[in-house]
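Just below is one structure, and these are the notes that go with it.
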């Protein structure tokens, strides 16, 4: 993945200098800025607003694939990025395919945000979101899929007065320092995206979260379409079965790996079926499920890339999960892989200090044979410092698993290869989207080098 072009990079750097805090939850600055920009949030296509703790990105990727399979022009906004901010802003086109915003347009909307803001305090996420809304308002499309950055009630995306639909993915403990220490408080913040009279599709929830969501919905008269109450989804004979009051749908399993994607696919289908005139037909639902792509989420890397250093038959996986709830579903996916094809699991972990190391590691205990601690090489977009490689190794050792620090991902993989003693292993790189982004960049470099070597050898 190439670097962000200089023009946009300079403008983003100027945005970051406007306010010392990376995260400061309020909507006052957004409302002021959007008014100065001529209220682009009032000139958007119909909006599906998505909040939750985990699965937001997967649900939007699935829904985008379904809507594009139906031929609709789909804008989407997701964060954080794997590589650079521009990839968060995808613009739909008439062919039913969306693409990352082009550099000239991205630089243009960023520059206009800076001019309209006139040097007033503004977080970088607020500025980026305002620029995205400006691009969405000025580029024709049929629908916009909008993901919250953090929370919901005071999130910079929560400026849409009347979305077409709200979606709440599973809610768990995360960002407690900003959203509150209890699950109910966090759910209350996430449910802040609900709008009066606007239906909300709700994914699988803990009861404390569900009760808070129901309370918020009652106050607003927002109809809820709840998992387990109004719809369900499950795997049967290698197919995805979706069921609601309208009957059964027999669909292919999602292309995304992991059993948790069954729930995510069901939630997405439930949302897609409630889009009125924009509802994808059943064929488009099926095509979307099989064609969806969401890099960095239980993604298996090539044997010709970074995995080439590992013994033959090994697997190298990456996943951007970075909290305890994500660790639980990733560990379950790894356990299921172990049942189908036994290989020792080795975890390569890099994390920010805003997350609990022990909480992330616990689901892997008894499953991982070793933990290698590393520091993500690029933390320029991080809002917190990273744990040192030694801190990660020490935390894993304290939980009873063999662990070592490494200077880099490549050094860590080489050490795992030596310990494997020529036997196949399964390696998972996880703990931070910053780490996964840099891993995918290194993978692209490794594959390009392999291709060049092959061409040279063939010449």
(request) Just give me the residues in the range 164-181 being assigned to a loop (DSSP other than H, G, I, E, B) and more than 23 Å from residue 227 (Cα to Cα), in sequence order. (result) 175, 180, 181
(request) Could you check, for the range 96-105, whether at least one of its residues is assigned to a helix (DSSP H, G or I), closer than 25 Å to residue 25 by Cβ and either at pLDDT below 95 or more than 13 Å from the chain's Cα centre (by Cα) (or both)? (result) no
(request) Quick one: residue 232 ticks every box in (1) surrounded by fewer than 18 Cβ atoms within 10 Å (Cβ to Cβ); (2) farther than 23 Å from residue 172 by Cα except a single one, so which number is it? (result) (2)
(request) Give the range 348-377 a look and list any residue that's touching a strand residue (DSSP E or B) at 6+ places or on another chain (Cβ under 9 Å) and under 15 Å from residue 332 (Cα atoms), or say none. (result) 360, 361, 364, 367, 368
(request) Please work out if residue 7 is assigned to a helix (DSSP H, G or I) and either under 24 Å from residue 264 (Cα atoms) or in contact with a helix residue (DSSP H, G or I) (Cβ under 9 Å, 6 or more places away or on another chain) (or both). (result) yes
(request) Determine which member of the set 209, 191, 184, 161 is over 18 Å from the mean Cα position of the chain (by Cα) and part of a loop (DSSP other than H, G, I, E, B). (result) 161
(message) So if I check each of 144, 150, 154, 134, which one is in contact (Cβ under 8 Å) with a residue 60 or more places away in the chain and touching a strand residue (DSSP E or B) at 6+ places or on another chain (Cβ under 7 Å)?
(response) 144
(request) Would you check if there is a residue in the range 165-177 being farther than 30 Å from residue 359 by Cβ, buried (at least 20 other Cβ atoms within 10 Å of the Cβ) and within 22 Å of the chain's Cα centre (by Cα)? (result) yes
(message) Please determine whether any residue of the range 306-319 is at positive phi and at pLDDT 95 or above.
(response) yes
(request) May I ask you to say which residue of 135, 99, 118 is over 25 Å from residue 194 (Cβ atoms), in the same structural domain as residue 18 (by TED's automatic domain parsing) and either touching a helix residue (DSSP H, G or I) at 6+ places or on another chain (Cβ under 7 Å) or surrounded by 23 or more Cβ atoms within 10 Å (Cβ to Cβ) (or both)? (result) 135
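Conditions (1) crowded, with 23+ Cβ neighbours inside 10 Å; (2) outside any loop (DSSP other than H, G, I, E, B); (3) within 18 Å of the chain's Cα centre (by Cα), marked per residue:
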| residue | (1), (2), (3) |
| --- | --- |
| 18 | no, no, no |
| 25 | no, no, no |
| 35 | no, yes, no |
| 59 | yes, yes, yes |
| 62 | yes, yes, yes |
| 67 | yes, yes, no |
(request) Name every residue in the range 371-429 that is surrounded by 15 or more Cβ atoms within 10 Å (Cβ to Cβ), touching a residue at least 60 places away in the same chain (Cβ under 8 Å), closer than 25 Å to residue 80 by Cβ and under 24 Å from the mean Cα position of the chain (by Cα), in order of residue number. (result) 374, 376, 377, 381, 383, 409, 427, 428, 429
(request) Can you give me the number of residues within the range 280-332 that are under 14 Å from residue 427 (Cα atoms) and surrounded by fewer than 19 Cβ atoms within 10 Å (Cβ to Cβ)? (result) 9
(message) Checking residue 404 against (1) touching a helix residue (DSSP H, G or I) at 6+ places or on another chain (Cβ under 6 Å); (2) closer than 20 Å to residue 330 by Cβ; (3) outside any loop (DSSP other than H, G, I, E, B): exactly one of these is not met. Which one?
(response) (2)
(request) Could you list all residues from the range 357-370 that are under 12 Å from residue 432 (Cα atoms) and without any contact (Cβ under 8 Å) to a residue 60 or more places away in the chain? (result) 357
(message) Based on this model, can you work out whether residue 355 counts as part of a loop (DSSP other than H, G, I, E, B), on the phi < 0 side of the Ramachandran plot and at pLDDT 95 or above?
(response) no
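The values are calculated or read from the model by the stated rules, or taken from the named source; none is laboratory data. Since we're looking at a predicted model, the values are computed, not measured. Glycine also receives a Cβ, built like all others from the backbone with ideal geometry; neighbour counts cover every protein chain displayed.
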